[in-house]
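To keep things clear, I will list the structure first and then write my remarks on it.
The values are calculated or read from the model by the stated rules, or taken from the named source; none is laboratory data. None of the values given here were measured: they were computed from a predicted structure. So basically every Cβ, Gly included, is an ideal-geometry build from the backbone, and we count neighbours across all protein chains shown. Protein only, heavy atoms only, side chains kept; ligands, DNA and RNA dropped before computing areas. Shrake-Rupley method; radii C 1.70, N 1.55, O 1.52, S 1.80 Å.
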Amino acid sequence: MSDNNRTSGFRTRAVHAGGGVEPRTGAHATPIYQTSTFGYFDADRGERLFGGQESGYFYTRLGNPTVRAFEEKVASLEGAEDAVAFASGMGAISALALTFLKPGDELAFLGPLYGGTEGFFHEVLEKFGVHAWEASDLADLEARVTRRVKMVYVETPTNPTLRITDLRNTARIAHSVDALAVTDNTFATPYLTRPLQHDFDVVLHSATKYLGGHGDAIGGVVVGRADAIRELRVTGLRHVGASLGPQEAYLFLRGVKTLPLRMDAHCDGAEIVARTFDGHPAIARVYYPGLSSHVGHEIAARQMKRFGGMVSFDLRGGYDAAKAFLNNLRLFVQAVSLGDVESLSCHPASTTHQLLGPDILARQGVTPGLVRLSVGIEDPEDLVLDIERALESVVSLAAD
Ligand SMILES: Cc1ncc(COP(=O)(O)O)c(C=O)c1O
């Protein structure tokens, strides 16, 4: 039985929403409908399906039952009217821009964002006459926003400095000029923050990260009001076509069932890592919104259930120290991406954010010594030991 009843608890919805025993065979797990096309049995029905007078599946680019089950699950968890899935987080972001922006419009964002997102804003949107500009903070956004701004875009916590944005105030500023308030909720997940409850209009995810949780599938998903999602489905899937495949949808459905359990384990580990290494002599600064020293701590405590699984360290010795640290970690695999059950580590300035160039990186605090840790669900004591050992190599480097 599908459970989209919002009065059920989060864990219940994570397990049941969008799922249920398949009526034809009694299959307990959602079947993978590995088919590109669906017979419509009768020519009149084909015409009605294509014309939108009848709803039903007819081509997987536009809809597929396994993908639909994943969309329903995420919509339920975010408390949204509807959701639409994409082949990647970037597929979702580009579909959003192509659907809701046109030449002459502006997009205002609070940086830093995921490097790929900023790259898309500057390199692709500008080509289509949409100007994307960065506000330094909410006061700056409020001072500069005009009716030309059609979309206000944020991430909270941000990638990679874990800056926190006040969602309710951002939505208020966006709505003062009738702009769409959009947030990338990849880092927080709906378990920790539900931006629609803070007046946001649209929420997107790279499902590749915590929603999937196992590092084995690429995907994206957007939630919001039913009319906005309908528009997005037409432009993003019918006209552009970055559609999620049924195999990936199955992996995400399976992953999301344990999202709340995994997120608590990620948060436990990250809290311990952040507290243990805050003040370590090799580290100039630990970025974690759960630390009371973090500038966004109070807002994070207001709008997040817990503080997430991502921690960044700004190492005193710059790039050399960062490389020595990363090369000496054993449990934290050096790789981009985040939110997997396995711990991951990366150096944003030379990888995910490389294309932004030194000026933007310096302004956004993405220093040569910054390393980002995606704390997995391993025993926190083992992760602490691993980090301690790797930091010894940084200390001995400084002594050389
Ligand atoms: C916060 C955030 N949003 C979006 C993306 C893009 O997602 P994908 O890699 O699934 O296209 C990423 C990728 O790392 C990310 O970290």
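Placing a label point 7 Å from the Cα of Leu261 along the Cα-to-Cβ direction, the residues of the stretch 12-30 whose backbone N falls under 14 Å of that point are 12-16. Roughly to the nearest percent, how much of the accessible area of the stretch 43-93 is carbon and sulfur, given a 1.4 Å probe? Result for the stretch 43-93: 48 percent of the exposed heavy-atom area is carbon or sulfur. Stretching Phe50 away from Glu126 to a fully extended chain increases their span by 24.0 nm, per 0.36 nm per residue minus the current alpha-carbon distance. Estimated purely from DSSP H runs of n ≥ 4, each contributing -39500 (n - 2.57), the mean residue ellipticity at 222 nm for the chain is -11000 deg cm²/dmol once divided by its residues.
Provide the gained length on full extension for the span Phe41 to Ala284, in nm with one decimal, where the gain is 0.36 nm per separating residue minus the Cα-Cα distance. Stretched out fully, the Phe41 to Ala284 stretch lengthens by 80.8 nm. Here the extension length gained between Asp137 and Thr7 equals 43.2 nm, from 0.36 nm per residue of separation less the Cα-Cα distance. Here's the picture: charge each Lys and Arg Cβ at +1 and each Asp and Glu Cβ at -1 in the stretch 10-256, and of Thr37, Pro190, Ala226 the one pushed furthest to the positive end of that dipole is Thr37. Of the solvent-accessible surface of the stretch 259-399, computed with a 1.4 Å probe over protein heavy atoms with every protein chain present, carbon and sulfur atoms account for 53 percent.
Just checking the listed ones, Phe38, Phe50, Phe86: in the Gaussian network model of the chain with Cα springs under 10 Å, the one fluctuating most is Phe50. For the chain, the convex hull drawn through the C-alpha positions has a volume of 136 cubic angstrom per residue.
Where the centre of each part is set by its Cα atoms, how far does the stretch 57-78 sit from the stretch 251-330, in angstrom? Taking the Cα centre of the stretch 251-330 as reference, the centre of the stretch 57-78 is 32 Å away. Angle of helix 246-256 to the longest C-alpha principal axis of the chain, folded into 0 to 90 degrees and rounded to 10: 60°.
Normalised by the number of residues in the stretch 148-200, the mean separation of alpha-carbon contacts (under 8 Å, six or more apart) gives a relative contact order of 43 percent. When +1 charges are put on Lys and Arg Cβ atoms and -1 charges on Asp and Glu Cβ atoms, the dipole computed for the stretch 169-279 relative to its Cα centre reaches about 300 debye. Within straight-line reach of Lys127, meaning a Cα separation under 18 Å, sit the following aspartates and glutamates at least 8 residues removed in sequence or on another chain: Asp105, Glu106, Glu118.
For the chain, a Gaussian network of Cα nodes joined below 10 Å ranks Asn327, Asn185, Asn64 by mean-square fluctuation, and the top entry is Asn327. Each Lys and Arg contributes +1 and each Asp and Glu -1, all at the Cβ; summed about the Cα centre of the chain, the dipole is approximately 660 debye.
Electrostatic tally near Leu329: other residues with Cβ closer than 14 Å to its Cβ, Lys and Arg +1, Asp and Glu -1, net -2. The long axis of helix 167-176 is offset from the longest Cα principal axis of the chain by roughly 60 degrees. Per residue, the chain exposes an accessible area of 42 Å² to a 1.4 Å probe, with every protein chain left in place. Only aspartates and glutamates eight or more places from Lys73 in sequence, or on another chain, were considered; those with a Cα closer than 12 Å are Asp3, Glu81, Asp82.
If a paramagnetic tag sat 7 Å from the Cα of His214 along the Cα-Cβ line, which residues of the stretch 251-280 would have the backbone N under 16 Å from that point? From the stretch 251-280, the list is 251-263. With bins 5 Å wide beginning at 0, the percent of Cα pairs of the stretch 259-399 falling in each bin runs 2, 11, 20, 24, 21, 15, 6, 1, 0. GNM on the chain, alpha-carbon springs under 10 angstrom: the most fluctuating residue among Asp314, Asp278, Asp359 is Asp359. Among the listed pairs Lys150/Lys209; Lys102/Lys209; Lys102/Lys150, those with a Cα-Cα distance over 20 Å are Lys150/Lys209; Lys102/Lys209. Beta-bridge orientation, the chain: approximately 55 percent antiparallel, per DSSP, counting only bridges with both partners inside. When only the Cβ of Lys, Arg, Asp and Glu is charged (+1, +1, -1, -1), the dipole of the stretch 260-400 relative to its Cα centre reaches about 480 debye.
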